[in-house]
1. For a paramagnetic label modelled at 7 Å from the Cα of Asp234 toward its Cβ, which residues of segment 130-163 fall within the zone defined by backbone nitrogen distances under 19 Å?
2. Enumerate by residue number the trypsin sites (Lys or Arg not before Pro) in segment 63-119 meeting two conditions: DSSP loop (anything except H, G, I, E, B), and at most 11 other Cβ atoms within 10 Å of the site's Cβ.
3. With +1 on each Lys and Arg Cβ and -1 on each Asp and Glu Cβ, how big is the dipole of segment 179-257 about its Cα centre, in debye rounded to the nearest 20?
4. Using label points projected 7 Å from each Cα along Cα→Cβ, tell me how many nm separate Thr227 and Ser72, to one decimal.
5. Just grab the label-to-label distance for Phe162 and Arg250, each label 7 Å out from Cα along the Cβ direction, in nm (one decimal).
6. Determine which lysines satisfy two conditions relative to Lys39: a Cα distance under 29 Å, and not lying fewer than 8 residues away in the same chain.
7. Can you classify segment 171-257 as rounded, prolate or oblate using the Cα gyration tensor, where a ≥ b ≥ c are the square roots of its eigenvalues, rounded means a/c under 1.5, and otherwise it's prolate if a/b beats b/c and oblate if not?
8. Compute the distance from the alpha-carbon center of segment 143-205 to that of segment 30-94, in whole Å.
Amino acid sequence: MKVVLFCGGRGIRIRQSSPDLPKPMVRIGYRPILWHVMKYYAHHVHTDFILCLGYKADVIKNYFLRYNEALSNDFVLSDGGERIELFKNDIKNWRITFVDAGLNANIGQRLFAVREHLKNEEMFLANYADGLTDVPVPAMIDQLRQSSAVGTFVCVKPLNSFHIVTSAGDGIVSDIRHMTDADFWINGGYFVFRRQIFDHLNAGEELVEQPFQRLIAKRALLAYKYTGFWGCMDTFKDKQRLESLYAEGRAPWVVWK
């Protein structure tokens, strides 16, 4: 099953930590977060990727053109450094399609730009490429396959520390609770679609706005509620949290080890 990854964002909120990199290339350990997302899908045997590029597309292209397997794998060096014997490799069986989807395109436009690469696909996966999770991808696929819906996406509890307040018109508070204790869910950015999504997506539209509203009206959109690990990398603080988990060997998304 093909995996569409939206890699064209500018990552303005995290730019202070990595000013010369597009957001998907901000590193966690030795590898960019984009690699972690791709490695996660590869673990679930989905290794045919379509990268929707935009901002600093050349950085992403050059990363894979000059990919160094030795950075994250054990190996034997011999012949004075002329010979490298890898014990295993990461991307040998990956197929990666690089598509310039537009510098200022939104997510819907980026998906629309790669529709021809998906014309023979019954279903495909899609991802914002800036979030990590251990959600069971096969279960999401099965949920959609066993329904007549057009798409499903993972819904998760928000990570921030805000409180939700309920009050009447006179200002009297009737309830206040932490977001994680309320029935409050957000889009986690992991999608599974049937190809019919393109029947509901018009050129120029944002994916989760007009198209999703059409699907909701037709009862054709599913939510996969997940309470396991999920973490996005919107800010420098988010990056620090993910880096700490990885450095301490407690990264739940590293399901391939």
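1. 130-134, 153-163
2. Arg66, Lys88, Lys92, Lys119
3. Using only the charged Cβ atoms, the result is roughly 340 debye.
4. 3.1 nm
5. 2.7 nm
6. Within reach: Lys2, Lys23, Lys56, Lys61, Lys88, Lys92, Lys119, Lys157, Lys225, Lys237, Lys239, Lys257.
7. Working: a/c = 2.24, a/b = 1.29, b/c = 1.74.
Oblate is the answer for segment 171-257, as a/c is 1.5 or above yet b/c matches or exceeds a/b.
8. Using only Cα atoms to place each centre, the spacing works out to 33 Å.
Since every read-out is calculated from the coordinates, none of them should be taken as a lab result. This structure is a prediction, so every number in the text was calculated from the model and none was measured. All Cβ positions, even for glycine, are placed from backbone atoms using ideal geometry, and neighbour counts span all protein chains on display.
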